[in-house]
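For reference, the structure is listed below as structure tokens.
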Amino acid sequence: GRSIGRYTAVSVVAVGSTGTVYLAEQDGPEGFRRRVALKVLHRQLAQNSGFLRAFQREARIAARLSHPNIVAVTDLGQVGDEWYLAMDYVSGCSVRRLIDTCPGGMPADIALCIASGVAAGLAHAHASQTTPVVHRDVCPENVIVDREGIPRVFDFGLARASDTIGPPTETGA
């Protein structure tokens, strides 16, 4: 695997417009090993100060949040011209994939369970003691359901802390 800071990339989980997410391992002393999801900002975007600040802001905002329905961000780092953030690795599948694979649509009880978990995670973010956070990009692609059926919100890339939110934005802005 490819070394990225103190992580070793095992496989590609997803490639998006701003970065690549890897299943990676964090190695430490005495056989310590932990699986993480490692989001690496595309190098060309890391050279753009606006994208880099947004990536760093995403890590700072998400790292403040600790809730069973939010994927925890555990690290932010830089190696050369490459920036990354580490998150808890959640084994499961996205709500988008669940929707697409449910013949006849997702059963109402499952949809309600997912919606309830997502709402609990977002309520925690909104009620954050330091600065309330608004996600701004909740969609089926940004919620993963783990193997125990617990939905978890991730990708706070468009999130704003309430003290930085100005007038309402247009869709896609």
Expressed in nanometres to one decimal, the distance between label points 7 Å along Cα→Cβ at N48 and R6 is 3.1
Which whole number of Å³ per residue matches the convex hull of the alpha-carbon atoms in region 1-127? 137
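Laboratory data are not the source of any read-out in this text; all were calculated from the coordinates shown. What you see is a predicted model; the values in this text were computed from it and never measured. All Cβ positions, even for glycine, are placed from backbone atoms using ideal geometry, and neighbour counts span all protein chains on display.
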